[in-house]
Amino acid sequence: MMRYVFLLFVVFTITACNLFPHAPKMPNPQMDEMYEKQISELISKMTIEEKVGQMTQLNIDVVCVGEVYNLQEPHRIDSVKLHKAIVEHHVGSILNCGGHAYPLAQWHEMIGNIQRVATQQTRLKIPVLYGIDAIHGANYVMGSTLFPQPLAQAATFNTELVRKGAEITAYETRAAGIPWNFSPVLDVARHPAWSRVFETYGEDTYLCTEMGRAVIDGYQGFNGTDKYHVAACMKHFLGYSGARTGKDRTPAYIPNNQLREIYLPPFQEAIKRGALTVMINSGEINGVPVHANYDILTTLLRDELKFEGIAVTDWEDVMKLHLNHKTASSLKEATYQAVQAGIDMCMVPNDYNFTNHLIELVKEGRISEERLDKSVRRILWVKQKLRLNSAPIVPSMKDYYLFGGPIFQKTALNTAEESITLLENRNSALPLGKQDKIFVTGPAANSMILLNGAWTRTWQGTDEKWDDTTKYTIYEALKAKNPNVQYALGCDILDKPVSDNSMQLASESDVIVVCLGEYPATEKVGDIDDLSFSRTQLDYVKALASLRKKLILVLVENRPRIVNEIADLASAVVMAYQPGDFGGEALANILYGDVNPSGRLPITYPRYNQSMLTYDHKYTETFDQKFANTAFNPQWEFGHGLSYSNVEYSDLKVSSQEIVQNGVVNVTVTLKNPSNRSVKESVLLFVRDHYASVTPAVKKLRQFQKIELQPRETRTLTFVLKASDLKLCDRNGQWIYEAGDFDVIIGQLKTTLTLK
């Protein structure tokens, strides 16, 4: 029997690998020429109304039975409303789900109805482009594989693992009949209080760029057009995460050199990788809403970066030019500003105002029909790339038999294991013994919604109704390995009174594992005024610490919450992020020592509310006790992460002490695993410019590799450092070389290199 199971697993694994061919992207001039001819012929037949319809994107609620935001359960298509949208208004795109995830059969029924009307009842038979937010797996499809949130994925520093997760997400999204994913978020998280930090790949531009590259390749595949992949959507162009206050959709003030040095590179690389669509920043930069910013949406995105795909607005953001930003005196004027700035598709999403206003603007001569043709051409091109015309109305599940299965779940578990970050381990408090008497407590100890976070079956991810009860919470996972585990809540995440026997259970235990959490939230809902944990949670940890037991502090968070009052009370501190459905199991594997932790912080973990500097801060912001300057004094630094093996670094060398423009040097470093455990180690290479015409950062991440070292293994690792890695972005936003000395830093080692 075991032999049969093993052979079946091998067959499934081989089949899964064959689903994702790794052939390089190859241009096909004949195919492109054919697409162009077909699209030109189609546009020549279209009326103004049909063109504007292609530029309109509606919320699924608009065509369902019931009222918008108050649909009848189970959600189903209203044929009259659908006819109005598709046949009368020629709507070209629909998005979202009606409040919660659907099973595959329901998705097939609803999207099937939409596509039948579009391809059988309209004059031109153009299929609808359906989009969804699949942020950490196909989170709006019941039964799909849920991965750690993107911030946790970044903590793996394993781009190949992240690419595999994106492939699986694409596969399971396409299984529902959905070809367009509003992901990845390529915003660089520079303010730790921002509610969408967990959706990003951290605070570092290079890390975000590399993770974004991996995700684009995973979503779109190396050919980008087959039935197992989706169109990616880069979010949110540009500077969305740079809001000065850390509050969502509030103003950003970003100098041009910072815009290009910090925020632009992830998008630039994603465009090079062939990303098919982009979503626009909902906020404003330097007083100009990005949805109305021609310099960003046309001069930069189209003329300079040569992006050819769809630029879609975010939710209601054309309306907000009038209602919130106050740059447009009416909704019609807002439509004019956004279209002239360069948007192609408006996520309206709940009425036909955009459609009607744009038709009027064209007929009045304020917007040319040629301007519509540019956007419609891009929209039709993406639909052609996705082969929507030849795709079946309803996917066959024979093609998606791996959906939600053990192979995909194993990848999600591995990602969670490699993301979880050991921040402190005083006196080798971890790993725990499987015979220890353990008390597990705290708001995150027995909660799946806290492990998963927002964008989990619902937008905010707060409804336990949609939990997968076959997956383990932290408490359940620990108890599955050790029967001597007990649980009590202890305190509530929303500061509601709790009366239980938690202190008694804690006093009777050998080890206390206290799991603090943050209530799931994203976008404006997640705005906060204080990064500190709630007073109830902090006081509860202090009470537990007074018992003088071994105390393990586990942090389950959207973003880094201030823990300076309690961090030193713990024997060990573990950053779990929001590790997904398999986070409980992954954490148990690490706490018990079955897995050696290897995650590293993709963000700087601040010590104080008013000291939120990133690791690549300036020299004037460094810690200087002589002058009472404690500006950069974080709780834990970017890139910090411990293991049970304490890998040793030595012999940092460069192949030449000098490098010329456009040249390269090899950087080598030796790593030794002195322990009797195998270990996965993320090796980070930083560069420090000694002097520059624009004040340099104290260091910048320029490369990283993740490797596995066997027990007692010693290995020499090589990086190829390019002279272009030493460029700086000057005051005019130009990337230039400046001769001088640079430190190359790996771990605690440093050597110097001179750029000629």
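The values are calculated or read from the model by the stated rules, or taken from the named source; none is laboratory data. Since this is a predicted model, take the numbers as computed values, not measurements. Don't worry about glycine lacking a Cβ; one is built from the backbone with ideal geometry, like all the others, and counts go over all protein chains shown. The accessibility values were calculated without ligands, DNA or RNA, using every heavy atom of the protein model including side chains. Shrake-Rupley method; radii C 1.70, N 1.55, O 1.52, S 1.80 Å.
So how much slack lies between Ser724 and Ser611, counting 0.36 nm per residue of separation and subtracting their Cα-Cα distance, in nm?
Taking Ser724 through Ser611 to full extension adds about 37.5 nm, to one decimal.
Taking Lys542 as the anchor, which lysines have their alpha carbon closer than 21 Å to its alpha carbon, excluding any fewer than eight residues away along the same chain?
Lys437, Lys496, Lys550
How far is helix 535-545 tilted, in degrees, relative to the longest principal axis of the Cα atoms in the chain, given as a value from 0 to 90 rounded to the nearest 10?
So the helix axis and the longest Cα principal axis differ by about 30 degrees.
For Glu681, what is the net charge nearby, where nearby means another residue's Cβ is under 9 Å from its Cβ and Lys, Arg count +1, Asp, Glu -1?
+1
Express the accessible area of the stretch 641-756 per residue in Å², computed with a 1.4 Å probe while the remaining protein chains stay in the model.
Details: 5630 Å² over 116 residues.
Dividing the accessible area of the stretch 641-756 by its residue count gives 49 Å².
Per-residue ellipticity at 222 nm for the chain, helices alone: DSSP H runs ≥ 4 residues times -39500 (n - 2.57), over residue total, nearest 500 deg cm²/dmol?
Values: 19 runs with 208 residues, N = 756.
It lands at -8500 deg cm²/dmol.
Using the Karplus equation 6.51 cos²θ - 1.76 cosθ + 1.60 (θ = phi - 60°), what ³J(HN,Hα) coupling, rounded to whole Hz, does each residue of the stretch 405-410 give in order, writing x for Gly and Pro?
After applying 6.51 cos²θ - 1.76 cosθ + 1.60, I find x, x, 5, 5, 5, 4 Hz.
Just add up the charged neighbours of Gly639: K/R +1, D/E -1, any other residue whose Cβ is under 13 Å from the Cβ of Gly639.
0
For the pair Leu323 and Glu360, what calculated FRET efficiency results from E = 1/(1 + (r/R0)^6), where r is the Cβ-Cβ distance and R0 = 22 Å, to the nearest 0.05?
Between Glu360 and Leu323 the formula returns 0.70.
Would you report the distance distribution of C-alpha pairs in the stretch 167-251 as whole percents per 10 angstrom bin, up to the bin with the largest distance?
19, 42, 27, 12, 0
Which residue, His136, Asn666, Ala480, has the largest displacement toward the positive end of the dipole of the chain when charges sit on each Cβ (Lys, Arg +1; Asp, Glu -1)?
Asn666
Quote the relative contact order of the chain in percent (integer), defining contacts as alpha-carbon pairs under 8 Å separated by 6+ residues. Don't skip to the end; give the middle numbers.
On the way: 1742 pairs, mean separation 94.1, N = 756.
Computed value for the chain: 12 percent relative contact order.
Taking the Cβ of Leu516 as the center, what net charge do the other residues with Cβ under 9 Å away carry, scoring Lys and Arg +1 and Asp and Glu -1?
Computed value for this residue: -1.
Report, to the nearest whole %, how much of the accessible area of the chain belongs to carbon and sulfur atoms, 1.4 Å probe, protein only.
For the chain, the apolar C and S fraction of the accessible surface comes to 50 percent.
Given the whole protein assembly as supplied and a 1.4 Å probe, what does the accessible area of Leu726 come to in Å², nearest 10?
10 Å²
State the three equivalent ellipsoid semi-axes of the chain, derived from the C-alpha gyration tensor as the square roots of 5 times its eigenvalues, in descending order and whole Å.
Taking √(5λ) for each eigenvalue gives 42, 32, 26 Å, largest first.
Based on the alpha carbon coordinates of the stretch 377-472, what radius of gyration and maximum Cα-Cα distance (Dmax) apply, in Å?
Every Cα atom of the stretch 377-472 included, Rg and Dmax give 21.0, 65 Å.
Quick check on my link table: of Lys45/Lys363; Lys471/Lys680; Lys618/Lys653, which ones sit more than 24 Å apart, alpha carbon to alpha carbon?
Lys471/Lys680; Lys618/Lys653
Taking the highest mean first, how do the peptides 241-248, 733-740, 444-451 order by number of other beta carbon atoms within 10 angstrom per residue?
Result, highest mean first: 444-451, 241-248, 733-740.
Assigning unit charges at the beta carbon (Lys, Arg +1; Asp, Glu -1) and nothing else, what dipole magnitude in debye, to the nearest 20, does the stretch 104-236 show about its Cα centre?
My answer is approximately 520 debye.
Enter the angle in degrees (range 0 to 90, nearest 10) between the Cα long axis of helix 369-385 and the first principal axis of the Cα atoms of the chain, meaning the one along which they spread out most.
60 degrees
Ordered by packing density, taken as the mean number of other Cβ atoms within 10 Å over each peptide's residues, highest first, how do 500-510, 651-661 rank?
Top of the packing list down: 500-510, 651-661.
Using a 10 Å cut-off on Cβ atoms, rank the peptides 175-183, 262-270 from the highest mean neighbour count down.
Final packing ranking: 175-183, 262-270.
Over the stretch 28-187, what relative contact order in percent results from Cα pairs under 8 Å that are six or more residues apart? If you can, show how the numbers build up before the last one.
Values: 207 pairs, mean separation 30.3, N = 160.
Reported as a whole number, the value is 19 percent.
Among all the aspartates and glutamates, which ones have a C-alpha under 16 Å from Lys272's C-alpha, if same-chain residues fewer than 8 places away are not counted?
Those aspartates and glutamates meeting the cut-off are Glu210, Asp217, Asp303, Glu304, Glu308.
Tell me, what is the per residue accessible area of the stretch 281-383 in Å², probe radius 1.4 Å?
Values: 3770 Å² over 103 residues.
Ligands and nucleic acids excluded, the figure is 37 Å² per residue.
What number, in nm² with one decimal, is the all-direction average of the projected area of the convex hull of the alpha-carbon atoms of the stretch 547-650? Walk me through the numbers on the way to the answer.
Values: hull surface 36.9 nm².
Averaged projected area of the stretch 547-650's Cα convex hull equals 9.2 nm².
Skipping prolines and chain starts, which residues have an amide H placed within reach, meaning under 5 Å, of the one on Asn286, given they are 5 or more residues away or on another chain?
Ala252, Tyr253, Ile254
Given the Cα-Cα distance of Lys496 and Ser330 and 0.36 nm per residue of separation, how much length would full extension add, in nm?
Between Lys496 and Ser330, full extension yields an extra 55.3 nm.
If I model a spin label at Asp568 and Asn732 as a point 7 Å from the Cα along the Cα→Cβ vector, what separation in nanometres do I get?
For the pair Asp568/Asn732, the computed spacing is 5.1 nm.
When only alpha-carbon atoms are used, what values of Rg and Dmax, in angstrom, describe the stretch 179-226?
Every Cα atom of the stretch 179-226 included, Rg and Dmax give 12.2, 39 Å.
When the expected Rg is taken as 2.2 N^0.38 Å, what fraction or multiple of it is the alpha-carbon Rg of the stretch 607-735?
1.26
Find the Rg to Rh ratio for the stretch 257-374, where Rh is the Kirkwood radius over alpha-carbon pairs and Rg uses the same atoms.
0.97
Could you tell me how many degrees, from 0 to 90 and to the nearest 10, lie between the Cα long axis of helix 331-341 and the main elongation axis, the longest principal axis, of the Cα atoms of the chain?
The two axes meet at around 80 degrees.
For the stretch 50-151, what value does the Rg/Rh ratio take when both radii are computed over Cα atoms and Rh is the Kirkwood radius, given to two decimals?
That ratio is 1.00, to two decimals.
Would you kindly calculate the translational diffusion coefficient of the stretch 453-579, applying Stokes-Einstein with the Kirkwood radius from alpha carbon pairs, for 20 °C and a viscosity of 1.002 mPa s, and quote it in µm² s⁻¹ without decimals?
Taking Rh from Cα pairs, D becomes 136 µm²/s.
Multiply the residue gap between Asp529 and Arg116 by 0.36 nm, knock off their C-alpha separation, and tell me the result in nm, one decimal place. Don't skip to the answer; put the middle values down first.
Working: separation 413, 0.36 × 413 = 148.68 nm, distance 4.83 nm.
Answer, rounded to one decimal: 143.9 nm.
Give me the aspartates and glutamates in straight-line cross-link reach of Lys125: C-alpha distance below 17 Å, same-chain residues under 8 apart excluded.
In chain and number order, the partners are Glu41, Glu49, Glu50, Glu88.
Probe radius 1.4 Å, ligands and nucleic acids left out: which of Arg196, Arg123, Arg213 has the largest accessible area, and how do the rest follow?
Solvent-accessible surface, decreasing: Arg123, Arg213, Arg196.
Could you state the number of Å between the C-alpha centres of the stretch 474-526 and the stretch 365-443?
Computed from Cα coordinates, the inter-centre distance equals 28 Å.
Can you work out the Karplus-derived ³J(HN,Hα) for every residue in the stretch 573-581? Use 6.51 cos²θ - 1.76 cosθ + 1.60 with θ = phi - 60°, whole Hz, and x for glycine or proline.
Karplus-based 3J(HN,Hα) across the stretch 573-581 equals 10, 10, 8, 9, 6, 10, x, x, 4 Hz.
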